[in-house]
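The values are calculated or read from the model by the stated rules, or taken from the named source; none is laboratory data. Every value quoted in this text rests on a predicted model; they were computed, and no experiment measured them. Methodologically, a virtual Cβ is constructed for each residue, glycine included, from the backbone with ideal geometry; neighbour enumeration extends over all protein chains shown.
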Amino acid sequence: MGKVTGFLEIERHDRAYAPVAERVKNYNEFVVPLSDKDLRDQAARCMNCGIPYCHGTGSAHPGTPGCPVNNQIPDWNDLVYNDNWQEAARNLHSTNNFPEFTGRICPAPCEASCTLNIDDNPVTIKTIECAIVDRAFENGWVKPEVASIKTGQSVAIIGAGPAGLAAAQQLARAGHDVHVYEKLAKAGGLLRYGIPDFKMEKHLIDRRVAQMEGEGVTFHYNSPVGGTAPGAVDPAELLKQYDAVALTGGAEYPRDLAIPGRDLAGVHFAMDFLTQQNRRVSGEPLGDKPEILATGKRVVVIGGGDTGSDCIGTSIRQGATSVTQIEIMPAPPEKEDKGLTWPNWPMKMRTSSSQAEGAARDFAVNTVSFEGEGGKVTKLNCVRVDGAFKPIPGTEFVIEADLVLLAMGFVSPVKDGLLTQLGVTLDPRGNVKADLDRFTTSIDKVFAAGDMRRGQSLVVWAIRDGRLAAQAIDRFLMGSTTLPR
Ligand SMILES: Cc1cc2nc3c(=O)[nH]c(=O)nc-3n(C[C@H](O)[C@H](O)[C@H](O)COP(=O)(O)OP(=O)(O)OC[C@H]3O[C@@H](n4cnc5c(N)ncnc54)[C@H](O)[C@@H]3O)c2cc1C
Ligand code: SF4
């Protein structure tokens, strides 16, 4: 433990954001890192509790408190306090392949379960995590960790999102010959094509990919597995060619709103909008689809989660005249009842950095229909709903809009192509059914991890799943495994 009385003497102090007027001028990250002194002070606040819920229970199920990858938080807080950053980086990487991703975009369930959060004053765990890994890269401490012995076994990973990347890195380090097949032009999955650069710049993914290539991972881009698109790879061929196959293709099937007017021009899925902007920023061609831009438009975002927030921040940067976000759920309480919720993740009102940039928000609102003129959307007909989502008579109202973005989450993985051709069994929610310990599917030597197995989730859970799947695959191939969880 750092400083025994640190939590009594030092107040929580976290990273600030660049002012709104400045940050909305571009798509760069805008979080201002803490100084070295502040980082040391904040690390000193960790109490090294008897039961540190922050580093999680070890359960692979969402809903359990603390860090899903079981980061050893009190240990690296102590190392930062004692100025031993290199050892802190080694410790952090022993549980988390990509702390530079989670240190930027994880919702930080660790901080919700910190004992100091009983008093709304948790340790700034995520900020310290980010500082450790950023310093590790700056100092050249992050290098390829090449396996000393090759096993002669080969693994195909289908999908280069955080789950596939984590699994690939772990398996390469165990000495297997790992090939990642990705249908898009670059690696990262939703980290690259969904999450905007202002939350996480994409050079962070490139340098990890470089590390993994140095560890012997081979990436096959523009290689959709299954289906009939140009360059499609036959899944049956992969089954013949490799000793194990991991399905890490994400949950890409978006939830739609089947109401009158859905087919009007100007009503789009959030991901179609976000992916285009991410491609613009990186200079990747947009393809043959028409451009979706918020410039000069009244934008309505339907859905209140991370995706909705990303649509808001992107619309504002593109120059929308107004942005309104509506959510069918009732407004959550401003503050949680700690006695009931701690150390679990509480439902409460949160304002994302994008929402703070100037979106109007409304809750308990259902959209009944879209209306338009000349085939283009001009308004949403809405109604307020009660706790059972039933319309409240007399509360009908209209929101004017030129662009509507559907950000209501994802239903399941896409079934056409890969999953249908493999004939793999799905669970009742339409995700790939896989054993929770062995990550095995209904098909011999085929494993599944990440959103494709658990449904839409978080980056940190995808990393967790990728690590556990790698462990299971290594055990399957070798009879035992020394890979860490
Ligand atoms: C807009 C948005 C914002 C989000 N913001 C956050 C956030 O702030 N914090 C957070 O923790 N989580 C966030 N999430 C959730 C998070 O991004 C996902 O939970 C996570 O990326 C899932 O990782 P994955 O590897 O399972 O799948 P994905 O990231 O979806 O990656 C799957 C990869 O597989 C590829 N693929 C699919 N099918 C095939 C095929 N047949 N052949 C070859 N390749 C294939 C895809 O192209 C993709 O690259 C957000 C999600 C969205 C959509
Ligand atoms: S990965 Fe997320 S939950 Fe774990 S320590 Fe980092 S911010 Fe906290």
remark   = The residue that is nearest to the chain's Cα centre (by Cα), considering only those in region 318-358 that are modelled with pLDDT of 95 or more and of a type in the set (Val, Ile, Thr), is THR351
Residue match in region 192-215 (condition: more than 21 Å from PRO99 (Cα to Cα), more than 10 Å from ligand 1 (Cβ to nearest atom) and touching a Phe, Trp or Tyr at 6+ places or on another chain (Cβ under 9 Å)) = no
message = Tell me whether region 92-111 contains one or more residues that are in a helix (DSSP H, G or I), more than 14 Å from ligand 1 (Cβ to nearest atom), in contact (Cβ under 8 Å) with a residue 60 or more places away in the chain and more than 21 Å from GLY161 (Cβ to Cβ).
response = no
ask   = Regarding THR275, is this residue of a type in the set (Ser, Thr, Tyr) and within 11 Å of ligand 1 (Cβ to nearest atom)?
value = yes
note = All conditions in (1) surrounded by 21 or more Cβ atoms within 10 Å (Cβ to Cβ); (2) under 25 Å from the mean Cα position of the chain (by Cα) are true of ALA244 except (2)
ask   = In region 204-243, what residues are assigned to a loop (DSSP other than H, G, I, E, B) and under 26 Å from ASP444 (Cβ atoms)?
value = GLY216, VAL217, SER223, PRO224, GLY226, GLY227, THR228, ALA232, ASP234, TYR242, ASP243
message = modelled with pLDDT under 95 and either more than 10 Å from ligand 1 (Cβ to nearest atom) or not polar (S, T, N, Q) (or both): which single residue out of ARG453, ARG429, ARG438 fits that description?
response = ARG438
request  = Within region 275-308, track down each residue that is aliphatic (A, V, I, L, M) and either assigned to a loop (DSSP other than H, G, I, E, B) or out of contact with any helix residue (DSSP H, G or I) (no Cβ under 6 Å at 6 or more places or on another chain) (or both).
outcome  = VAL281, LEU286, ILE292, LEU293, ALA294, VAL300, ILE302
query = If ARG485 passes every condition in (1) at pLDDT 95 or above; (2) within 16 Å of ligand 2 (Cβ to nearest atom); (3) not β-branched (Val, Ile, Thr) but one, which one does it miss?
reply = (1)
key: Unique residue being in a loop (DSSP other than H, G, I, E, B) and surrounded by 21 or more Cβ atoms within 10 Å (Cβ to Cβ) when the list is ILE149, ILE195   = ILE195
inquiry  = Suppose the filter is more than 16 Å from ligand 1 (Cβ to nearest atom), of a type in the set (A, V, I, L, M) and at pLDDT 95 or above; does VAL299 pass it?
reply    = no
request  = From (1) among the small types (Gly, Ala, Ser); (2) more than 27 Å from LYS390 (Cβ to Cβ); (3) part of a loop (DSSP other than H, G, I, E, B), pick out the condition that doesn't hold for SER315.
outcome  = (3)
query = With respect to SER412, is the statement that it is hydroxyl-bearing (Ser, Thr, Tyr) and closer than 28 Å to CYS311 by Cβ true?
reply = yes
message = Given the condition more than 16 Å from ligand 2 (Cβ to nearest atom) and not in a loop (DSSP other than H, G, I, E, B), answer yes or no: does some residue in region 181-188 qualify?
response = yes
Selection status of VAL155, surrounded by fewer than 24 Cβ atoms within 10 Å (Cβ to Cβ), hydrophobic (A, V, I, L, M, F, W, C), at negative phi and in contact (Cβ under 8 Å) with a residue 60 or more places away in the chain = no
ask   = Out of (1) within 16 Å of ligand 2 (Cβ to nearest atom); (2) surrounded by 20 or more Cβ atoms within 10 Å (Cβ to Cβ); (3) modelled with pLDDT of 95 or more, what's the single condition that is false for TYR53?
value = (3)
